[in-house]
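J.: Please read through the structure below; I'll follow up with questions.
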Amino acid sequence: MATHRVKLPVTIHRARLGPVEFKVIRPARPPVRAVLVDRDRYVDTLLDQDAAKLIGGLWTVAASSPRSLVHIPMRGNHAPDHVQPEAGTRQLDLVLLHHSLQFAPARWKELRARLGPGRPRTVTLPVPAPVPGGEPAGDEAARHHREDRDLFHQHLHAETLFMTGSAKVFRATAHRFLDIARYGPGHVAAPPRNPHFCTQFHAADGVLGDAREIHIEYRDRWSPHG
C-alpha cells in the first residue's frame, strides 16, 4: 500500500508514580477545534480538518509506542457553532494506550499533576493512502472472534476517556480520523450543502470490546473562540 510521511510535533513527558516511571506523549499544539462529549450511551467527537489530521496522527503514534500514554487535552475547548451543551453530558480529554502497559486509569489524575512542560520532539509517521471501500484488508473472522485481543476497551476517569487497545487495532483504525480530514471539507462544501459528514466506531465493526460506540463528525463552523 502506498504511503507518504508527515511530521508531527509532540512533547515528551516523564513522571514517576512510586518506583515506576511513565512516559506521556502530548501534541505540541493540542487541537482547538475538537470536542469529545460523553453522551452516556455513546461518545461523540466533533472536530475540524486540522484536529482530524492531528488525532489520526496520534492514533498512529499510539500504535508504535506501546510503552507510552498518548494524552490529547481537549475538555476545555469550545463546541462548534450551534451546538449547545446538553444536560447530563460532559466534555472529556482522551488518552490512548497499549493494553500491555497495564496502567490503572484511577492513577491518571495523580500522574497528570506531575507532568511538566515536556521535551519537544518531532515524530515522522507513515500515513497510508485511502483504502477503496474503507477498511484495510484483514481477517474479518478473527476480528469478530470473542477471544480476539485486538479490541478497544474503554475506561472513564478524571474527566478522561481511556482507549486501550493493541498496536494492530490502533493502526487499523487511524484512517477513520484521516478520512474525516480528507473528505469532510469537500463533502460539506459541495452543493447542495450537506453539513453532516461522519464515521463511527460501531458495535458491529469487530473492533470494540468493553467499549461504547464512538461517533466522529466533521464540523467546519466554530465560534471565534474555538
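The values are calculated or read from the model by the stated rules, or taken from the named source; none is laboratory data. What you see is a predicted model; the values in this text were computed from it and never measured. Positions of Cβ are backbone-derived with ideal geometry, glycine not excepted, and every protein chain shown enters the neighbour counts. We work out accessible area using only protein heavy atoms, side chains counted, and drop any ligands, DNA or RNA first. Shrake-Rupley method; radii C 1.70, N 1.55, O 1.52, S 1.80 Å.
Yes/no per residue for (1) at pLDDT below 95; (2) closer than 15 Å to residue 208 by Cβ:
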{"residue": "149", "(1), (2)": "yes, yes"}
{"residue": "153", "(1), (2)": "no, yes"}
{"residue": "157", "(1), (2)": "no, no"}
{"residue": "163", "(1), (2)": "no, yes"}
{"residue": "185", "(1), (2)": "yes, no"}
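J.: Check whether at least one residue in segment 106-123 is of a type in the set (A, V, I, L, M, F, W, C), part of a strand (DSSP E or B) and open to solvent by 10 Å² or more (accessible area, probe 1.4 Å), and report yes or no. Don't jump to the end; show me each part of the working.
T.: First pass over segment 106-123, keeping only residues of a type in the set (A, V, I, L, M, F, W, C): 106, 108, 111, 113, 115, 123.
Narrowing further to those that are part of a strand (DSSP E or B): 123.
Filter again for open to solvent by 10 Å² or more (accessible area, probe 1.4 Å), leaving 123.
Yes - at least one qualifying residue is present in segment 106-123.
J.: Right, something else. If we keep just the residues of segment 14-58 that are among the small types (Gly, Ala, Ser) and open to solvent by 20 Å² or more (accessible area, probe 1.4 Å), which is farthest from residue 181 (Cα to Cα)?
T.: Restricting attention to segment 14-58, the residues satisfying the condition of being among the small types (Gly, Ala, Ser) are 15, 18, 28, 34, 51-52, 56-57.
From what is left, the residues that are open to solvent by 20 Å² or more (accessible area, probe 1.4 Å) are 18, 28.
Details: 18: 41, 28: 19 Å.
The selected residue is 18.
J.: What tally of residues in segment 157-177 results from selecting those that are over 13 Å from residue 97 (Cβ atoms), open to solvent by 20 Å² or more (accessible area, probe 1.4 Å) and not in a loop (DSSP other than H, G, I, E, B)?
T.: Here is the first cut: in segment 157-177, the residues over 13 Å from residue 97 (Cβ atoms) are 158-159, 168, 171-177.
Okay, now just the ones that are also open to solvent by 20 Å² or more (accessible area, probe 1.4 Å), so 158-159, 168, 171-172, 175.
Keeping just the survivors that are not in a loop (DSSP other than H, G, I, E, B) gives 168, 171-172, 175.
Residues in segment 157-177 being over 13 Å from residue 97 (Cβ atoms), open to solvent by 20 Å² or more (accessible area, probe 1.4 Å) and not in a loop (DSSP other than H, G, I, E, B): 4 in total.
J.: Is there a residue being farther than 23 Å from residue 173 by Cβ, of a type in the set (D, E, K, R) and not in a loop (DSSP other than H, G, I, E, B) anywhere in segment 25-40?
T.: no
J.: On to the next question. Is it true that some residue in segment 59-68 is charged (D, E, K, R), touching a residue at least 12 places away in the same chain (Cβ under 8 Å) and open to solvent by 10 Å² or more (accessible area, probe 1.4 Å)?
T.: Step one: list which residues in segment 59-68 are charged (D, E, K, R), which gives 67.
Right, trim to touching a residue at least 12 places away in the same chain (Cβ under 8 Å) and you get 67.
Imposing the further condition that a residue be open to solvent by 10 Å² or more (accessible area, probe 1.4 Å) reduces the set to 67.
Yes, because at least one residue in segment 59-68 is charged (D, E, K, R), touching a residue at least 12 places away in the same chain (Cβ under 8 Å) and open to solvent by 10 Å² or more (accessible area, probe 1.4 Å).
Conditions tested, residue by residue: (1) more than 19 Å from residue 49 (Cβ to Cβ); (2) aliphatic (A, V, I, L, M); (3) touching a residue at least 24 places away in the same chain (Cβ under 8 Å).
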| site | (1), (2), (3) |
| --- | --- |
| 177 | no, no, yes |
| 180 | no, yes, yes |
| 188 | no, yes, yes |
| 199 | no, no, no |
| 206 | yes, no, yes |
| 210 | yes, no, yes |
| 214 | no, yes, yes |
| 217 | no, no, yes |
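J.: Here is a check on your reading of the model: is residue 9 open to solvent by less than 80 Å² (accessible area, probe 1.4 Å), part of a loop (DSSP other than H, G, I, E, B) and modelled with pLDDT of 95 or more? Can you show your working first?
T.: Numbers: open to solvent by less than 80 Å² (accessible area, probe 1.4 Å): yes; part of a loop (DSSP other than H, G, I, E, B): no; modelled with pLDDT of 95 or more: yes.
Judged against the criteria, residue 9 is not a match.
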